[in-house]
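What follows is a short report on a single structure.
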Amino acid sequence: MRIVAPAIYAALLGGAIYIAIAQNPLPNAIASVQPEGARVAAPATANGKVSAPPAKVGKRETCRQSVGAKHLGRHQARDQMQLCVAQARLDCLKQAIDQKLRGAARRVYVKSCVAA
């Protein structure tokens, strides 16, 4: 019994670490693929000072705002949110296919496209 509990805890910890790593791809892969509308540098104003770039609203946030504006019930709002995010994901996937991205680069691109 003394060995069973630590073994179970070790297995749970290992599973949690594996899931955390699987959800967050490598930082190098994220940096190498940018969404189509990503901003590279902050624009300069008329007086020459560099202004802060405007906050970029992602497609998921756009869906959340559009569903929230409709004042739907809880279940209908959830269904509409899922539908909107699925359509945004499909659009991002089409862009990745057009750019001929494969494997991990495609997954990273679609995730960053939907989020950004």
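The values are calculated or read from the model by the stated rules, or taken from the named source; none is laboratory data. Since this is a predicted model, take the numbers as computed values, not measurements. Reconstructed Cβ throughout: ideal geometry from the backbone, glycine too, with neighbour counts over all protein chains shown.
Here's the yes/no breakdown for (1) over 14 Å from the mean Cα position of the chain (by Cα); (2) at pLDDT 90 or above:
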residue	(1), (2)
65	yes, no
70	yes, no
80	yes, yes
93	no, yes
112	no, no
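Within the set 38, 31, the sole residue that is at pLDDT below 70, part of a loop (DSSP other than H, G, I, E, B), surrounded by fewer than 12 Cβ atoms within 10 Å (Cβ to Cβ) and among the small types (Gly, Ala, Ser) turns out to be 38.
Residues in segment 66-93 that are part of a helix (DSSP H, G or I) and surrounded by fewer than 10 Cβ atoms within 10 Å (Cβ to Cβ): 69, 74, 75.
Taking each residue of segment 87-116 that is farther than 19 Å from residue 22 by Cα and looking for partners that are of a type in the set (Ser, Thr, Tyr) with beta-carbon atoms closer than 8 Å, six or more apart or interchain, yields 88/62; 92/109; 95/109; 96/109; 99/109; 101/109.
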